[in-house]
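The next block holds one structure in the form of structure tokens; read it before the comments.
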Amino acid sequence: MHRALADRDQGPGPDPNRARGFRLARSAALGLLLAATLACTRSPAADAGGEQASARAPAAGGGGESAASFVRCTRAAPIGDADTAPRRLGTFELLTLRAGQLEPRPSAGWSGQPRRSAGSLRLGVLADTHEALPQTLAQLARLVDRFAAARVDAVAVLGGIDSAFVGAVRILRALRGPWTLLALAGDRSSAEGFQAALRHADPAAIDLTRTQIVALPALTVIGVAGYHLPHHALAGAQGCGYDAADLALLGARLRGTARPRLLLAHGPPRGRGPDAVDRAWGAINIGDPALRPWIASAEVRFGVFGHVHEAAGRATRLDGSPLAPGVWSDSLLLQVGSSDGLPHHQRANDPSTGEWSGATAAVIEIDGERARYAMITVGGTKGGAHAGTSSQPGAF
């Protein structure tokens, strides 16, 4: 009797035809989801017409190689229509006379703000703005004011910007001013998406994902786009990356260019100790092990990097010794941190103190064989209160 009551309470058994139909529908849905995932993550090289130009273009001396899991943005892309227009930097008009390299001819009647000598350059630098949030765009406007007050010749964006096209355009447009805009892709953007956004935001900008070398008469600026760990790229196989072989080819293309050399890159080189520009939470150094020896072999004297937000403001000489802001030095490696408008912990900020950093950026000045820097911070909080714009001692 109890079993009969239990059977009655449970109701009729499951319909086998209905269960079989549910399983078939679930299998079909999973199959469609898998197909869509594979289509979205397929390498651009799989499409005959969609291969990235900068990935398929071998640099001088390059040979055949297996398909890369990223776009090799350190390789010289073929000269295209977007490269033929002249660019300006300081007192020079720059022309693309060879793939991946801008070379100058002196400009006549340059009507911009007064410039320094041919061997001098004052550069505003920032990285890792992330999404184009209202808070971030407001902080960028304040940074632009600081760059204008410092009378910079150019502003360099070291990647880490919004991965969406519209957001990237907003970020890049917010950084325009009476200067040249230089920009490279970091670990968040696809190569083609970044290049399209930069062309749309500022057609006169220098795209360091296509033109890696700006060869001035008394200074060479080098751009290394992307990140050295392919699995870290938000855009997957469509994102920018590089390896030791790419760096070797880039080094060969530097032959005959002027010294000193300034390196602009999203990710820093592997350092040692707590003062290094790649020092991350957990007391570890996370930079690229291949980039540090390349800096030595390419005779790079100065370098500015992003990506490691918690190391913002760290600066050293090439020998690893700390370097204070405003001090002239014959070598400099600098971490600019993040220009994200949302408060976040950065350099020397102990979470237990309640101090949060706002957007950070830097101004670096090169004068002949020496360089100096100043850090800029806008926003942030201390004990819940909003902080204003500040600069480190030695600002110029």
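The values are calculated or read from the model by the stated rules, or taken from the named source; none is laboratory data. In this text the structure is predicted, and so the values were computed from the model without any measurement. Using ideal geometry, Cβ is built from the backbone for each residue, glycine included, and neighbour counts are taken over all protein chains shown.
Listed values, structure above:
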{"item": "Search result, residues across the range 153-173 that are touching a residue at least 40 places away in the same chain (Cβ under 8 Å) and either among the hydroxyl-bearing types (Ser, Thr, Tyr) or outside any strand (DSSP E or B) (or both)", "result": "Asp153, Leu158, Gly159, Gly160, Ser163, Ile171"}
{"item": "Verdict on Ser189 being among the hydroxyl-bearing types (Ser, Thr, Tyr), modelled with pLDDT under 95 and closer than 18 Å to Phe305 by Cβ", "result": "yes"}
{"item": "Residue within the range 77-91 that is in contact with a strand residue (DSSP E or B) (Cβ under 9 Å, 6 or more places away or on another chain) and at pLDDT 90 or above present", "result": "no"}
{"item": "All positions within the range 192-205 that are buried (at least 24 other Cβ atoms within 10 Å of the Cβ) and over 20 Å from Val221 (Cβ atoms)", "result": "Ala197"}
{"item": "Filter result (of a type in the set (A, V, I, L, M) and within 17 Å of Thr74 (Cβ to Cβ)) within the range 255-303", "result": "Leu262, Leu263, Leu264, Ala265, Ala290, Leu291, Ile295, Ala298, Val300"}
{"item": "Residue count, the range 265-283 (criterion: hydrophobic (A, V, I, L, M, F, W, C) and more than 21 Å from the chain's Cα centre (by Cα))", "result": "1"}
{"item": "Residue ID - farthest from Leu182 (Cα to Cα), chosen from residues in the range 292-342 that are at pLDDT 95 or above and hydroxyl-bearing (Ser, Thr, Tyr)", "result": "Ser321"}
{"item": "Neighbours by Cβ (under 9 Å, 6+ apart or cross-chain): first from the range 322-339, farther than 19 Å from Glu369 by Cα and without any contact (Cβ under 8 Å) to a residue 60 or more places away in the chain; second of a type in the set (A, V, I, L, M, F, W, C) and crowded, with 19+ Cβ neighbours inside 10 Å", "result": "none"}
{"item": "Every residue from the range 209-243 that is in contact with a Phe, Trp or Tyr (Cβ under 6 Å, 6 or more places away or on another chain), surrounded by fewer than 21 Cβ atoms within 10 Å (Cβ to Cβ) and either of a type in the set (Lys, Arg) or modelled with pLDDT of 90 or more (or both)", "result": "none"}
